[in-house]
Structure formats: C-alpha cells, structure tokens
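Below: the structure, in structure tokens.
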Amino acid sequence: MAIRSIPLLVITAWLGCVSAAAAAPAPDDPYVAGYAGAVLEREFKVSRRAVSVDNGVLTLDAAQLAGADRARILTTLSALPGVTRVEVREAAARAAAPPAGARTDPTAAERATLPTGLLPVGHLFQPLLADPRWPHFSAAYRYYFGDPDLKHVGAVSFGETIPIFRGNAPGESQWEAGIQAGVFAVFQMDQPSKDLFNADYFAALYGAWRQGSFSALGRLFHQSSHLGDEFLLRSRIQRVNLTYESVDLKLSYDLPWGIRTYGGGGYLFDQEPDLLPWSVQGGVEFRSPWTVASGQIRPVAALDLQSREQNGWNVDVSLRGGIQLENVRLFDRNLQLLVEYFHGNSPDGQFFKRRVEYLGLGAHFHF
C-alpha cells in the first residue's frame with residue numbers, strides 16, 4: 001500500500017493552548033553551556049569555546065564569530081531553554097596572550113560539552129524521534145488500516161535513558177556509560193474493557209561517544225514480549241514466547257540547519273524462537289533552528305527506516321512530525337506533539353510477522 005500523504009507540521013491546532021502552559025525551572029549553567037555549544041558547532045560551525053554561561057546569561061566571544069551570521073546566532077541562542085540573555089564580548093576585552101612556554105591547554109569548562117562525573121545531566125547521543133522502540137514516555141492514539149485485531153488503539157511507553165558516568169576523551173570528545181529501560185504497550189480501545197493487546201519489555205546497557213557533530217551509541221539489550229490476558233482469552237490465539245538478547249551500534253552526524261542523519265545495525269542472540277539475527281536501521285531528523293510563537297514552538301520531523309533479515313528485509317517506515325513546546329518541560333524533557341505514520345512489519349513483538357499500517361497522534365517527552 002502506498003504511503004499516505006500526511007502533514008509533517010501540526011502547529012495551528014495547539015497555538016491556543018501554548019500560552020497557558022507553565023514554564024519549568026531553568027536548566028543549570030553547565031547544561032545550558034553544553035546545549036548552546038552544541039548548537040553553535042552544529043548549526044553555525046562556530047567553536048563551542050566561543051560561549052560561556054553565568055546565571056543563564058550567555059556570553060559570546062566576538063573574535064570567534066568572524067564570518068558567522070551573528071544576528072541569527074543571537075536569535076537562535078536566545079530561544080534556548082534556560083537562557084535569559086545573550087551578550088557579545090568584543091575582541092578589545094580579550095586578556096593578554098600568555099608568556100612563551102606557558103601552559104595553554106583548555107580548561108575543563110572549555111573542553112567539556114556536557115558535565116562529567118557520576119550521574120551527569122544531558123546525553124551525548126540524542127534520541128531517535130521516529131524509532132518505535134526508543135525508550136521514553138509517550139501516549140498516543142492510533143488508527144489501524146485493515147488489521148484483523150486492531151482499529152482504534154491506545155499506545156503508551158514508559159522509559160528512560162540514564163547516563164551513569166561521563167568522562168572526557170582525547171580530541172575534545174566525551175564518552176558515557178549508562179542504562180536504558182522501557183515498556184511499550186498497546187490497548188484495544190474499541191473493546192469494552194480497553195484490553196491490553198501486547199506489551200514489550202526492554203532493558204539495555206549502553207555506551208555513547210561524541211566528538212563535535214559525530215556521535216555513536218552501542219547497546220547490549222534484552223527484549224521480551226507478552227500478550228494481554230483479555231485478548232488471549234477472547235481470541236485463543238497461539239502465543240509466541242518471543243524473547244532475545246541483542247547488540248547494536250548506531251552512528252549519528254549532525255548537519256547544518258537542524259538536520260541529523262543516522263544509521264547502524266544489530267545482531268540477535270539467545271533468541272526464542274529461532275529468529276534470523278541481522279537487522280539494519282537508518283533515518284533523518286529535522287529540529288528547526290528557528291522557533292515560532294515568540295519562541296514557544298519549534299517544528300520537528302523525523303523518518304526512521306528499519307529492515308530485518310527475519311522478515312525478508314522488508315522495510316519498516318516510521319514517520320513523525322509536529323511541534324515541540326519549548327516552555328513545557330518535565331524532568332528536563334521537552335514535550336512534543338507529533339502526528340505519526342507507520343507502515344511495515346509490526347513493532348509489537350508477538351506480531352513481528354504481521355504487516356501493519358497506522359496513522360496516529362501522540363504526546364512524547366524527549367530530552
């Protein structure tokens with residue numbers, strides 16, 4: 001079936017409610033410095049060392065902005081969460097050059113893009129917005145086309161990516177190690193008791209690395225799948241004891257204008273039933289460097305493509321697009337309201353052989 005034409009930017013439907021949203025406490029200075037430094041490097045090709053932060057006030061080194069669009073930089077940085085004001089320090093305010101032979105290594109603040117140590121804030125590898133199995137908190141309504149069991153569906157996920165430790169590495173890069181965990185469940189909303197249809201459980205150990213615009217994520221994870229009791233009793237379907245361990249690796253690169261590309265692959269082991277092991281994944285994302293509605297709304301869009309050996313390398317297409325509310329944050333997470341479209345083999349573990357297609361609307365909390 002051909003992919004339906006759907007809108008990527010769902011802005012006007014929520015303009016009326018944005019002004020009523022309560023603002024969350026501003027992030028601390030190290031987080032803001034890391035965020036602003038990443039924006040400078042990715043969007044404007046300006047060194048992250050050009051920015052410093054003190055109580056939410058960004059100070060930019062004018063000498064390092066040479067050749068860049070200063071007006072657009074000021075507009076973009078002013079819209080970042082936690083920024084109260086942006087100032088430019090002209091070259092005349094520079095300190096004198098150090099004497100010959102003096103140590104010129106960058107300070108930790110200049111070198112680090114994000115805070116280091118135990119349980120640090122921030123993440124080196126950004127979430128995959130359209131990946132149906134990226135652990136995060138979300139709730140969505142979905143309408144399924146032509147499925148024998150599903151039509152009106154409620155889908156929820158509960159998950160998180162938690163960095164346990166982050167350190168600096170050579171070449172102004174950083175590394176971190178942490179855990180991911182998530183539950184993904186779908187409910188049959190047109191059944192009298194809103195039956196649980198399927199629930200997948202995910203847990204992972206991960207390692208991430210970033211240098212400038214390039215980042216990587218490697219994981220060792222477990223996933224298992226379980227049918228809902230009401231659905232199982234009503235349908236008498238033959239359940240599949242789907243469980244496996246897997247390793248995967250994803251590489252990501254941030255392009256100008258808020259565009260990001262990524263790709264990678266995975267391998268299953270200790271799987272039940274005996275699934276063919278290989279899979280590949282790739283995609284592209286757009287997080288607008290510009291905001292609308294006085295900096296309260298940021299357009300976002302993402303396309304994720306996955307293909308598995310077990311399913312004959314059929315391509316699964318996941319497309320999401322909509323808006324991010326800049327002044328609504330929960331546990332330092334952004335609220336995104338996204339239209340979503342999926343066509344391919346079902347991401348719900350018990351039904352991995354079934355081809356599905358759905359259109360939906362959801363609320364997602366992403367860092």
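The values are calculated or read from the model by the stated rules, or taken from the named source; none is laboratory data. Bear in mind that the values here come from a model prediction, so they are computed numbers and not experimental data. Cβ placement follows ideal geometry from the backbone for every residue including glycine, while neighbour counts extend to all protein chains displayed.
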For this session: State all residues of the stretch 28-43 that are in contact (Cβ under 8 Å) with a residue 60 or more places away in the chain, hydrophobic (A, V, I, L, M, F, W, C) and within 18 Å of L255 (Cβ to Cβ); if no residue qualifies, say none.
Result: A38, V39
For this session: Output the qualifying pairs, or none if there are none: Cβ atoms under 6 angstrom, residues six or more apart or on different chains, first residue in the stretch 272-299 and part of a strand (DSSP E or B), second residue among the charged types (D, E, K, R).
Result: W278/E309; S279/R308; G283/D304; E285/R260; R298/E326
Seminar exercise, completed: Quick count over the stretch 133-180, residues being surrounded by fewer than 21 Cβ atoms within 10 Å (Cβ to Cβ), of a type in the set (D, E, K, R) and part of a strand (DSSP E or B), is 1
Exercise. Is at least one residue of the stretch 302-314 assigned to a strand (DSSP E or B), of a type in the set (D, E), over 30 Å from T243 (Cβ atoms) and touching a Gly at 6+ places or on another chain (Cβ under 8 Å)?
Worked result: no
Exercise. Going by the conditions given, is A130 in contact (Cβ under 8 Å) with a residue 40 or more places away in the chain, in a strand (DSSP E or B), crowded, with 20+ Cβ neighbours inside 10 Å and touching a strand residue (DSSP E or B) at 6+ places or on another chain (Cβ under 8 Å)?
Worked result: no
Problem set entry | Filter result (in contact with a Ser or Thr (Cβ under 8 Å, 6 or more places away or on another chain) and within 16 Å of A140 (Cα to Cα)) within the stretch 350-367 | G362, A363, H364, F365
Exercise. Taking the stretch 291-319 as the search range and keeping residues that are within 15 Å of L335 (Cα to Cα) and modelled with pLDDT under 95, which one is surrounded by the fewest Cβ atoms within 10 Å (Cβ to Cβ)?
Worked result: G295
For this session: Scan L337, L361, L325 and give me the residue that is of a type outside the set (G, A, S), at pLDDT below 95 and either part of a strand (DSSP E or B) or surrounded by 21 or more Cβ atoms within 10 Å (Cβ to Cβ) (or both).
Result: L325
Problem set entry | Breaking point among (1) of a type outside the set (A, V, I, L, M); (2) touching a strand residue (DSSP E or B) at 6+ places or on another chain (Cβ under 6 Å); (3) surrounded by 19 or more Cβ atoms within 10 Å (Cβ to Cβ), for P347 | (2)
Exercise. For P115, all conditions in the list (1) at pLDDT 95 or above; (2) within 21 Å of the chain's Cα centre (by Cα) hold save one; what is the number of the exception?
Worked result: (1)
Seminar exercise, completed: Reported set for the stretch 46-74 where residues are without any contact (Cβ under 8 Å) to a residue 24 or more places away in the chain and either part of a helix (DSSP H, G or I) or assigned by TED's automatic domain parsing to the domain that holds S213 (or both) is A50, Q64, L65, R70, A71, L74
